[in-house]
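Student: The structure follows.
Read-outs: derived from the displayed coordinates by stated rules, not from any lab. Remember, predicted model here, so these are calculated numbers, not experimental data. Cβ atoms come from the backbone with ideal geometry, glycine included; neighbour counts cover every protein chain shown.
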């Protein structure tokens, strides 16, 4: 999480929460303490409490980017997509060049059924971050859902070019090729991954399907 808290057991998180609550009682205007408390709420899957705490931070500092970003994340988790969209859009009005927030907004738009808007958002994000494999992968996944096979294959190719060690991207492209019965191209993609050092055994399932 953004607070920098380390992994703990559930009981340790609850203990941390108790400590933070006492500290907030003594310093109620500390946005840093409230952000840390909200982060612990998320670790404990206390999404409503986290949303409430991020709201408290925003009442103290309406331009607090961490509160906007993570409240949007929590709202999206609870499928409160309209509210999540509003937070992401507010965030991007303040800090428009932010890849994670733009990807978050695209996800929310897709969840709202606004796939054209989601695709437009991913197009903008790629223009801003043309060297980010993650964004090409996100667009490829949406294009697959929209049955846009060739654009999706192009984006998987770009994601692999930018991050050739990510075998998940390779497998995603191979799966799409196999769905199209393009077994020779799928095998070529697998052979290329093997030539880059991926163990053949890791790809055996897909190699067998290319026969």
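Student: Just to confirm the number: angle between the C-alpha axis of helix 65-77 and the first principal axis of the chain, 0 to 90 degrees, nearest 10?
Tutor: Rounded to the nearest ten degrees, it is 70.
Student: Determine, from the Cβ-Cβ distance of residue 141 and residue 60 and an R0 of 45 Å, the FRET efficiency 1/(1 + (r/R0)^6), rounded to the nearest 0.05.
Tutor: Step by step, r from the Cβ atoms, then E = 0.75.
Student: Enter the angle in degrees (range 0 to 90, nearest 10) between the Cα long axis of helix 133-145 and the first principal axis of the Cα atoms of the chain, meaning the one along which they spread out most.
Tutor: Once rounded, the angle reads 70 degrees.
Student: Summing -39500 (n - 2.57) over the DSSP H runs of n ≥ 4 in the chain and dividing by its residue number, what mean residue ellipticity at 222 nm do you reach, to the nearest 500 deg cm²/dmol?
Tutor: Taken over the chain, the calculation gives -23500 deg cm²/dmol.
Student: Another question about this same structure. Go ahead and collect, in residue order, the members of region 50-88 whose backbone nitrogen is under 20 Å from a label point 7 Å along the Cα-Cβ direction of residue 21.
Tutor: Residues 50-57 qualify, since their backbone N sits under 20 Å from the label point.
Student: How large is the convex hull of the C-alpha atoms of region 134-211 per residue, in Å³?
Tutor: 74
Student: Run the numbers on the chain and let me know its relative contact order in percent, using alpha-carbon pairs under 8 Å that are six or more apart.
Tutor: In percent, rounded to a whole number, it is 9.
Student: To continue, here is another question. Order 145-157, 79-91 from most to least packed using the mean count of other Cβ atoms within 10 Å.
Tutor: 79-91, 145-157
Student: Then there is this: What is the angle, in °, between the Cα long axis of helix 167-179 and the longest principal axis of the Cα atoms in the chain? Nearest 10 is fine, range 0 to 90.
Tutor: Tilt of helix 167-179: around 50 degrees.
Student: Sticking with this structure for a sec: So what is the relative contact order of region 1-114, in percent, for Cα pairs below 8 Å that sit 6 or more residues apart?
Tutor: On the way: 117 pairs, mean separation 19.9, N = 114.
With pairs under 8 Å counted, the relative contact order is 17 percent.
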